[in-house]
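Since the structure comes first, as structure tokens, the remarks are kept for the end.
Please treat every number below as a calculation from the coordinates, not as lab data. Since the structure is predicted, the reported quantities are computational estimates derived from the model, not experimental observations. Neighbour counts run over all protein chains shown; Cβ positions are idealised from the backbone, glycine included.
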Amino acid sequence: MTPENKKSILQQHKTSANGRIKSSIVTKAIAPNAPSEIFRKDEIISHDAPTSDPMISKLSGRELKKMINKELSDHGLGSLNMMNAGVGGELKMRILEKLLAVSTNVDRIHSRPNYDKDWNDLSEELKAECMKWMSFRTRLRLRQTSKTEKQLVDSVPINFKFVKVDQNARYCYEKCIELSFQDNVNQETYLKYKDPSDFMKDGAPLLAYILKHGKIDEFDYEISDELSCMTLELLERKNIKFCIRKFSHIDINNFKETLFILANCDETLEEIVFDPENGEEEDFKRLFMLPAFNKAKFVRMWTLKHPWVALATLERYIHTDAEIGTEFEFNADKMTIVDLVIKYFEDRIVYQNGDFLMKIGMNVADRAILIDHEYTDSFSEVTFYFTVVSADSVRRVERIRADSSSSDDLIPDFKRIFKESSDDEIYKPNVSNVSNRN
Amino acid sequence: MAPKKNSAKRPQPSTPKPSAPARIVKVQSSDGHILQADVRALLLSSTLAATIKGYDDENKPLEKLEVNNVVGFTLKLVLEWCEKHKEDDPAIAQAEKDKKNIFIPSWDRHFLTKLPMGNLFDLITAAYHLDITGLINYGCKTVANSAKGKSTEEMRELFGIPEPWEQPSTSTATWDD
């Protein structure tokens with residue numbers, strides 16, 4: 001007898017001694033085109049399992065019992081009745097060993113397989129593959145089953161379409177704090193906390209977990225100063241690096257919070273939307289020092305009160321040879337910005353029309369910065385777009401934005417015509433000369 | 001009288017496309033069982049496809065393929081799945097791998113959900129060894145679906161996870177699907 005067979009018998013013996021039931025599987029074909037139906041039979045040893053031995057499979061239970069008794073007595077091991085009557089221990093083991101030894105010709109494909117795995121036998125790659133299809137909440141429950149699963153769940157990042165922390169959300173009848181997110185399998189969750197202390201007890205740790213282990217497509221952070229301060233303190237204590245593609249912080253304009261989150265974002269960050277209305281000069285200087293901010297492909301600032309920020313951004317785009325598609329969008333006074341651009345970048349202007357649509361040459365010949373603007377509801381402000389475009393383009397590629405549905409209505413028709421007309425060109429030197437001049 | 005559903009005007013199911021005659025190959029499992037399979041079905045496995053290609057390139061007759069890490073019972077299931085999907089475009093399975101969610105066709109759902117969890121784990125392990133992307137996708141998704149809505153205790157029982165662990169104090173412990 002091989003050691004494996006012996007081990008198998010010992011295991012069976014141990015199992016039956018503990019009173020646990022072993023299951024057996026019987027396959028049965030239903031129709032040529034249908035998958036095999038699998039039945040689970042709860043018994044210790046199945047006599048009903050069909051075998052490939054035609055003689056054995058045709059025998060009734062009684063006949064089979066007779067045959068086994070004969071085999072047992074031939075080998076001097078008593079009978080099955082002796083076994084049922086409690087003759088156990090060593091004799092039982094010997095009987096089972098003998099039975100297994102004489103059944104070498106049984107076709108195991110049609111008998112009960114002994115190769116069952118459980119979750120713990122799966123490789124980490126396969127476990128991760130299974131977790132990929134689990135919702136966030138299912139993963140959290142799996143995480144609580146064992147230390148191994150906790151480590152594994154935490155090691156596999158989960159994608160979130162959005163994560164939003166909001167105060168006084170639209171669908172709340174009473175004042176509350178809402179933490180909402182959509183996970184990798186598009187399951188949306190909305191958690192409402194009536195009291196800030198409830199949020200700090202349950203919501204903030206969950207948010208910290210999501211930020212620590214999630215890859216977030218869009219993170220919208222809109223909670224008030226005091227609560228935000230406590231939440232950010234918690235995040236700081238946990239020393240978390242955020243993996244966020246788009247960060248929005250519009251309704252609550254606290255520059256310090258924006259700086260904190262941007263300082264902890266990794267290189268995944270592509271889009272930043274925030275309101276720097278109360279930002280001081282020092283805050284902007286710190287902002288320009290942040291790698292995540294400098295790498296972001298799209299930055300949208302509402303009301304920009306420091307025009308030098310716009311000029312500094314232009315400088316940065318030129319000196320870093322920013323990629324085509326990089327864009328800086330902000331609201332500011334039209335003529336202030338136009339005058340400053342003309343004053344500081346006059347020698348780089350390669351195109352300008354009557355409505356101050358301008359193009360600034362960069363250090364690389366294949367691209368340029370298009371300075372475009374759109375009128376807003378405000379009398380004094382327009383929305384500016386500094387976009388890196390290909391050198392021969394004079395049109396900004398429209399970004400697809402969720403909030404852009406009505407923005408086109410605000411642009412007067414004449415502006416579109418004006419932009420596309422080449423008759424209004426004031427100055428248009430040969431683009432190929434631009435790189436030589438610089 | 002209402003017209004019969006199977007009236008003559010109803011479009012007839014299209015006749016199956018004429019295809020090359022099946023090339024049958026023997027496949028031997030780790031425990032010595034020999035099964036037969038169509039080569040087109042075996043090509044769904046990148047591992048076996050590479051072996052078959054090696055034989056074809058050297059113009060060697062392919063009599064028997066040995067699968068050393070899959071037992072007969074599981075191999076039979078794998079071959080049954082491959083036989084059903086032998087006409088599938090492998091690019092579809094590759095594309096599904098990166099999707100957020102996939103739809104499991106009814107035959108596969110029936111085939112996979114009827115399996116006890118232990119056999120399902122055996123099957124996805126075999127699919128992983130043989131590198132059958134479609135079967136890995138559907139198998140793993142079926143495992144994930146079986147865990148949906150289960151409590152931690154139920155999940156521990158379903159997956160045979162023996163090690164109990166103290167519940168964390170956050171409210172996340174009580175969420176339901």
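DSSP loop (so not H, G, I, E, B), at most 13 other Cβ within 10 Å: list which trypsin sites (Lys or Arg not before Pro) in the range A:230-299 pass both filters.
Answer by residue number: A:LYS241.
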Expected vector for the range B:32-44, Karplus 3J(HN,Hα) from phi with 6.51, -1.76, 1.60 and θ = phi - 60°, integer Hz, x for Gly and Pro, equals x, 7, 10, 10, 10, 8, 6, 4, 4, 5, 5, 5, 5
Hey, got the average number of other protein chain Cβ atoms within 10 angstrom for residues in B:71-77?
-> 5
Applied in sequence order to the range A:126-141, the curve 6.51 cos²θ - 1.76 cosθ + 1.60 (Karplus, θ = phi - 60°) yields integer Hz couplings, x standing for Gly and Pro, of 6, 4, 5, 5, 5, 5, 4, 9, 8, 6, 4, 5, 5, 4, 5, 6
From other protein chains only, count the Cβ atoms within 10 Å of every residue's Cβ in B:113-126, then give the mean.
-> 5
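Considering Cα pairs under 8 angstrom that are at least six residues apart, work out the relative contact order of the range B:24-165 and quote it in whole percent. Walk me through the numbers before you get to the answer.
Working: 147 pairs, mean separation 35.9, N = 142.
Normalised by residue count, the contact order of the range B:24-165 is 25 percent.
What is the gain in length, in nm to one decimal, between B:ILE92 and B:TYR55 on full extension, counting 0.36 nm per residue of separation less the C-alpha to C-alpha distance?
10.7 nm
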For B:GLU83, net neighbour charge (Lys/Arg +1, Asp/Glu -1) across residues whose Cβ lies under 12 Å away | 0
Zone of A:GLU277 (label point 7 Å along Cα→Cβ, backbone N under 17 Å): which residues in the range A:323-355?
-> A:330-333
For the range A:304-395: relative contact order, % (alpha-carbon pairs under 8 angstrom, 6 or more apart) = 31 percent
With Cβ to Cβ distances under 13 Å as the rule, what net charge do the other residues near A:ASP225 carry (K, R +1; D, E -1)?
-> -4
Enumerate by residue number the trypsin sites (Lys or Arg not before Pro) in the range A:181-222 meeting two conditions: DSSP loop (anything except H, G, I, E, B), and at most 15 other Cβ atoms within 10 Å of the site's Cβ.
-> A:LYS194
Per-residue average of other protein chain Cβ atoms inside 10 Å, peptide A:143-153 -> 5
If Lys and Arg each add +1 and Asp and Glu each add -1, what is the summed charge of the other residues whose beta carbon sits under 15 Å from the beta carbon of A:LYS215?
-> -1
Residue-ordered couplings for the range A:239-250, obtained by feeding phi - 60° into the Karplus form 6.51 cos²θ - 1.76 cosθ + 1.60 and rounding to whole Hz (Gly and Pro as x), are 6, 9, 9, 8, 10, 10, 8, 10, 10, 10, 8, 9
Find, among the chymotrypsin sites (Phe, Trp or Tyr not before Pro) in the range A:343-386, those assigned to loop by DSSP (not H, G, I, E, B) with at most 13 other beta-carbon atoms within 10 angstrom.
-> A:PHE379
Structure shown: which of A:LYS192/B:LYS141; A:LYS201/A:LYS238; A:LYS192/A:LYS238; A:LYS246/A:LYS297; A:LYS246/A:LYS305 lie over 20 Å apart, alpha-carbon to alpha-carbon?
-> A:LYS192/B:LYS141; A:LYS192/A:LYS238; A:LYS246/A:LYS305
Burial-style ranking of A:124-132, A:182-190, average other-beta-carbon count within 10 Å with highest first, yields A:124-132, A:182-190
Run the dipole for the range A:157-275 about the Cα centre, Lys and Arg Cβ at +1, Asp and Glu Cβ at -1, nothing else charged, and hand back the magnitude in debye, nearest 20.
-> 340 debye
